[in-house]
Amino acid sequence: MNSLRSAPTLDEVAQTAGVSRSTASRAINGGLRVSPEAQAAVDAAVAQLGYTPNRAARSLVTRRTDSIALVVPEPDERILTDPFLAGTMRGVSAALGGTDLQLVLLFARPDEQPGRIVRYLSSGHVDGAIVASHHRDDELEEALLAARLPAVFVGRPFRPTPDLLYVDVDNVEGGRLAARRLVAAGRRRVATIAGPQDMTAGVDRLAGWREVLREEGLADDAVEIGDFAVAGGAAAMERLLAAHPDLDGLFVASDLMAEGALRVLAAHGRDVPGDVSVVGFDNLANAATTSPPLTTVQNPMVEMVRGATDLLLDLVAGRGDEIASQVLAPELVERDSV
């Protein structure tokens, strides 16, 4: 005789709880229009029978997919090598660990137009989205507003509205902290390797650096743009030394770019911090292992990712009336490069 028992059904849950099938369904799928007594009876029946809702059937009732998208409009090779992006993925996954929600990863393919990701997000495949490493021209802000999909950005969008929430560090203040530290060290020809200008982090960090130099009456023309990667920082450093050989201070808008810049300075015989003081941004793990260890601005990645995930869960659950975007304070982490 077959000893395997078939999985309990919704009808059995309803019978055990002493309620109608429709009441049992509503209790299992969110408790809408269900009395506390009926909810408790259904919860007890579910536990007693070991009932597991059918995800497909549940989605028909709740119009929910129980899936959250993490959207990173970068090619996958960048995601696998960038510690900030890798940490973002781990952080979102960990934050969802106590829920029944599935994480869907959406990456950009090299040289593709943004339409694929936009179509996916607009087609009801997920209940909400977290967006990291957002670029000006990736069309995500417009697509998410048009789709009315709950979404939270890790990093300020270019056109923040009450319907486009975000969690970010105060990047302008971070740029100020870095520039003030270099000026306080007596540096008068202060350059910067800025981040991409199609990303708000790149724009804001450059703005903060420039603001302090103008307040101090110092030239702010020694600027090169990088790509938040080691090789991009090295290339930008070569250009800066060629154009401004008298530079004695340097703010680099990411620790990865700073790592590349330090290698180039060493190759040109420039001592750090003797000849050139250097401040980075992010406080990634590599900042403690560069030569010399890097003074940098703390980018609170863990808190940002956790905050963005919590905001999104509140939006998806319909608790969005009292929530707002969050801007976290940066801090300077002193090491040996200034």
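The values are calculated or read from the model by the stated rules, or taken from the named source; none is laboratory data. Bear in mind the structure is a predicted one, so any value in this text is a computation, not a measurement. Quick reminder, even Gly has a Cβ in these numbers, built from the backbone with ideal geometry, and neighbours come from all protein chains shown. What goes into the accessible areas is simple: the full protein's heavy atoms, side chains included, and nothing from ligands, DNA or RNA. Shrake-Rupley method; radii C 1.70, N 1.55, O 1.52, S 1.80 Å.
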Choice from Arg176, Arg90, Arg159 showing the highest fluctuation, given a GNM over the chain with Cα pairs closer than 10 Å: Arg159
Cα pair count fraction exceeding 19 Å, expressed as % - the stretch 171-298: 37
Residue among Ser325, Ser35, Ser133 with the largest mean-square fluctuation in a Gaussian network model of the chain, springs linking Cα atoms under 10 Å: Ser35
Positive-pole candidate from Ile193, Leu262, Val203, dipole of the stretch 177-277, charges at beta carbon: Leu262
Computed magnitude of the charge dipole of the stretch 171-298 (debye, nearest 20; Cβ of K, R +1, Cβ of D, E -1): 240
Residue with peak Gaussian network fluctuation, the chain [Cα springs, cutoff 10 Å], from Ala129, Ala179, Ala324: Ala324
Dipole of the chain, positive end: most advanced residue of Ser93, Ala234, Leu165 [Cβ charges, Cα centre]: Ser93
Degrees between helix 255-267 axis and first principal axis of the chain (Cα, 0 to 90, nearest 10): 30
Answer label, with percent of Cα pairs over 33 Å apart calculated from the coordinates and candidates [x] 26; [y] 32; [z] 41: [z]
Sites Ala219 and Ala288, calculated FRET efficiency, Cβ-Cβ separation with R0 25 Å, nearest 0.05: 0.20
Residue-by-residue Karplus 3J(HN,Hα) for the stretch 188-201, coefficients 6.51, -1.76, 1.60, Hz, glycine and proline x: 10, 10, 9, 9, 8, 9, 7, x, x, 7, 9, 10, 5, 4
Long-range HN-HN contacts of Leu328 with modeled amide H, under 5 Å: Asp168, Val169, Asp170
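Using 0.36 nm per residue, how much length does the chain from Gln15 to Leu49 gain when fully extended, once their Cα-Cα distance is taken away? Don't skip to the end; give the middle numbers.
Details: separation 34, 0.36 × 34 = 12.24 nm, distance 1.12 nm.
Gain in length upon complete extension: 11.1 nm.
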Interchain or long-range residues, amide H under 5 Å from Asn283's placed H: Asp255, Val297, Asn299
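Per residue, how much accessible surface does the stretch 171-298 expose to a 1.4 Å probe? Answer in Å², no decimals.
Heavy-atom accessible area per residue stands at 34 Å².
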